[in-house]
Amino acid sequence: MGRQTAKQGGETLSFGFREVAEDEKQKLVNEVFSQVAARYDQMNDLMSAGLHRLWKDDFVAALHVPKSAPFHVLDVAGGTGDIAFRILARGGAQTRVSLADISFDMLAEGRRRAQAESDPARLDFTTANAEALPFPDNTFDAVTIAFGIRNVPHIDTGLREMFRVLKPGGRFQCLEFSQLAIPGLEQLYDAYSFTVIPAVGKEVTGDGGPYRYLVESIRRFPTQEAFLGMIRAAGFERAGYRNMSGGVVAMHWGWKI
């Protein structure tokens with residue numbers, strides 16, 4: 001998971017392929033998303049050739065948001081609102097989404113989009129750290145996080161927090177880049193990831209550095225089975241996962257029983 005002990009006795013965490021001081025990682029992650037926030041949605045389309053839209057549609061469909069009953073979802077690391085808007089579109093008048101993100105700039109993009117794309121009464125925004133969510137225990141019917149868990153410095157802490165704020169009987173869902181399940185494609189995938197994505201990022205945003213970090217963070221993320229073990233260790237039951245696009249991404253889930 002990228003956590004090690006430094007020679008001086010302090011803890012270090014992975015920031016892409018390099019190790020940084022434990023208290024430095026969150027600041028560096030925040031800087032990455034501050035740099036990319038304005039073009040984040042555009043880059044998602046370019047990097048995935050639009051596939052991220054299908055992954056997110058599938059992800060939200062799996063929530064089974066009711067049309068005619070109250071349903072309150074917490075979307076952690078919700079950023080620009082891609083998941084929140086999809087949940088609201090699938091739900092009914094009693095569907096609510098609380099979007100939480102630690103990045104002020106990503107939240108600003110989400111608020112800007114919300115002015116045109118959603119009902120303000122059904123969507124609220126909170127600046128929040130995934131490791132210390134500012135919500136009471138047993139608050140939400142579902143908790144989602146899409147392409148954000150790998151940027152949480154202490155993933156195990158974040159998972160426990162999401163378990164805490166979920167109501168008994170509630171569902172946790174996570175969408176994240178993962179490990180290829182199709183042998184023989186690793187070299188092609190690496191060539192695209194480490195060459196094309198940073199180059200496109202530099203062309204679109206003026207700096208390819210943040211996108212190199214994002215690619216590196218994918219490679220440092222636990223395997224599907226290892227992450228499944230972390231979800232279970234956080235307290236979730238009936239946990240599982242499903243590979244999408246050959247393991248490029250995976251949808252994970254668990255229930256608070």
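Only a single criterion out of (1) in contact with a strand residue (DSSP E or B) (Cβ under 7 Å, 6 or more places away or on another chain); (2) at pLDDT below 95; (3) over 24 Å from ALA61 (Cα atoms); (4) not hydrophobic (A, V, I, L, M, F, W, C) is not satisfied by ARG111, namely (3). Within the stretch 165-188, identify whether any single residue is closer than 17 Å to LEU74 by Cα and in a helix (DSSP H, G or I), and answer yes or no. Yes. Tell me yes or no: at least one residue of the stretch 87-100 is modelled with pLDDT under 95 and surrounded by 24 or more Cβ atoms within 10 Å (Cβ to Cβ). Taking every residue of the stretch 87-100 in turn, none turns out to be modelled with pLDDT under 95 and surrounded by 24 or more Cβ atoms within 10 Å (Cβ to Cβ). Do we have LEU166 as crowded, with 18+ Cβ neighbours inside 10 Å and more than 25 Å from LEU54 (Cβ to Cβ) here? Yes, satisfied. Tell me whether the stretch 28-37 contains one or more residues that are surrounded by fewer than 16 Cβ atoms within 10 Å (Cβ to Cβ) and farther than 19 Å from ILE149 by Cα. For the stretch 28-37, residues surrounded by fewer than 16 Cβ atoms within 10 Å (Cβ to Cβ) and farther than 19 Å from ILE149 by Cα: absent. Residues that are touching a residue at least 24 places away in the same chain (Cβ under 8 Å) and closer than 22 Å to LEU54 by Cβ number at least 1 in the following strands (runs of 3 or more DSSP E) confined to the stretch 65-139: 71-76, 95-101.
The one condition from (1) surrounded by 21 or more Cβ atoms within 10 Å (Cβ to Cβ); (2) not in a strand (DSSP E or B) that VAL143 does not meet is (2).
When the stretch 35-64 is filtered for residues that are in a helix (DSSP H, G or I), among the hydrophobic types (A, V, I, L, M, F, W, C) and at pLDDT 80 or above, the ones remaining, listed by number, are LEU51, LEU54, TRP55, PHE59, VAL60, ALA61.
The values are calculated or read from the model by the stated rules, or taken from the named source; none is laboratory data. Only a predicted model underlies this, so the values are computations on that prediction, with no experimental measurement involved. With ideal geometry, Cβ positions are generated from the backbone for all residues, glycine too; neighbour counts draw on all protein chains shown.
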